[in-house]
Structures are given as structure tokens and as C-alpha cells.
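Read-outs: derived from the displayed coordinates by stated rules, not from any lab. Computed from a predicted model, the values in this text were never measured in an experiment. In this analysis, Cβ positions are derived from the backbone assuming ideal geometry, glycine residues included, and neighbour counts consider all displayed protein chains.
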Amino acid sequence: MISIKQINEKDIDLCYELDSNTISLWSKKQWANEFKKEGTKIFGLLITNLVIGICVIQVVLDEAQINYFSVNNKFRKKGFGSFFMSYLIKKCEKLNLKKILLEVSQGNVTAERFYSRFDFFTVGIRKNYYKDGSHALLKEKKLTTK
Ligand SMILES: CC(C)(COP(=O)(O)OP(=O)(O)OC[C@H]1O[C@@H](n2cnc3c(N)ncnc32)[C@H](O)[C@@H]1OP(=O)(O)O)[C@@H](O)C(=O)NCCC(=O)NCCS
């Protein structure tokens, strides 16, 4: 059974483990900092009790910034990422937020295509943003408030 739940600080090891097995973005210390950030909500995508995806969102005023979004390699291309993203978009709309922002590496073709399907458009570029020298594309999706 698939479900989505909000994750709290006691599940930090879970987040770190999933990240280590996917994109290795943050250390355990960085994950700990995310949980402390004002306006941050962390969601897990689960199959029964197994966490297969994580999303970190930070709400500032009427905008949400996706700071982390990843699905475990073994579960990709099965529609789970889309299910998770659709849930988050609806959640942000219910909160009456105006837009969702995120950053994605210019070389990350899979993620770029994924976000395009959800009408995220490039609104800026940060040159040499990542450790490997690749540029970050700033993407934005406008929300329809209910
Ligand atoms: C981007 C990411 C979240 C997508 O997750 P996902 O679970 O694979 O997403 P989906 O399965 O919903 O969609 C991915 C593709 O699989 C296709 N797909 C979905 N179900 C399918 C199925 N049953 N059979 C065949 N293809 C399928 C989708 O149409 C989509 O195709 P596209 O690449 O043409 O858009 C995932 O690749 C990921 O975690 N990447 C690493 C982290 C990352 O880059 N994050 C973004 C930067 S912060």
C-alpha cells in the first residue's frame, strides 16, 4: 500500500540512508539542519513501511521551495515520483501558496523532463553552482489558488 507521511526528526537516519543510496546530497549534519529550518516540512513516500522517496519543502511567505526530491533508484519509472509530486502540488495549493520553486542541475535530463511535465519553467540560471561545475537551473511553477 502506498502512502505519504510527514517525517520528523527521529527519522533522520531514514532520510540520510535514502539520500546516501540515491543522490548523496547531504551529510547527516545537513539533514539535521533541515529539520530545524523554519517553515520546513519533510515528507516520505512509503510502500507499506518502506520509505522509497523523500521531499523537503520550505515554505516562505506564499512560496514553497523544494530543497530535496528523490525516489529510490529501484522504484523509479513506475509513476511513484509523479504520485508524490501531484500530492505536494495539491498540498501547496491548499495552503494557498502562489508558486513552487526548485533548483535542478542543467545536466539532470531525467529530472528536467520530470519537472517540465508538471509545468515547472526555467526562470533563472546559477552558473557553476554545483561541485562538478554544472549550472543550476531555477525552476518555478505557478499555482492556482482555490
Ligand atoms: C526525478 C525523479 C524524482 C523521478 O521519479 P520517478 O519515480 O522515476 O518518476 P515517474 O516514474 O513518475 O516518472 C519518470 C518517468 O517514468 C515514466 N513512467 C512512469 N510510470 C511508468 C511505467 N509504468 N512504465 C514506463 N514508464 C513509466 C514517466 O512517464 C516518466 O517519463 P519521462 O521521463 O518521459 O517524464 C527520479 O528520477 C529521481 O529521484 N531522480 C534523482 C533525484 C533528482 O534528480 N531529483 C531532482 C533534483 S532535486
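Below are the figures for this structure:
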item	result
Amide H contacts of Lys99 (H built 1.01 Å from N, under 5 Å, at least 5 apart or other chain)	Ala64, Leu143
Structure-based [θ]222 nm, the chain - -39500 (n - 2.57) summed over DSSP H runs of at least 4, per residue, nearest 500	-8500 deg cm²/dmol
For the chain: Kirkwood Rh in Å [reciprocal of mean 1/r, alpha carbons]	15.7 Å
Per DSSP, loop trypsin sites (Lys or Arg not before Pro) in region 64-141 with at most 12 further Cβ within 10 Å	Lys77, Lys78, Lys127, Lys131
Bins of 10 Å, starting at 0 and running to the largest distance - Cα pair percent for region 99-146	29, 51, 17, 3, 0
Chymotrypsin sites (Phe, Trp or Tyr not before Pro) restricted to DSSP loop in region 76-131 with at most 16 other C-beta within 10 Å	Phe118, Tyr129, Tyr130
Per-residue HN-Hα couplings for region 44-60 [Karplus 6.51, -1.76, 1.60; θ = phi - 60°; Hz; x = Gly/Pro]	x, 9, 10, 10, 6, 9, 8, 7, 10, x, 9, 9, 10, 10, 10, 9, 10
Per DSSP, loop GluC sites (Glu not before Pro) in region 76-146 with at most 11 further Cβ within 10 Å	none
For region 72-77, Karplus couplings with θ = phi - 60° (6.51, -1.76, 1.60), whole Hz, Gly/Pro x	3, 2, 5, 10, 7, 6
HN-Hα J in Hz across region 28-36 - Karplus 6.51, -1.76, 1.60, θ = phi - 60°, x for Gly and Pro	4, 5, 5, 4, 4, 5, 4, 5, 8
The chain, relative contact order [Cα under 8 Å, separation at least 6], %	18 percent
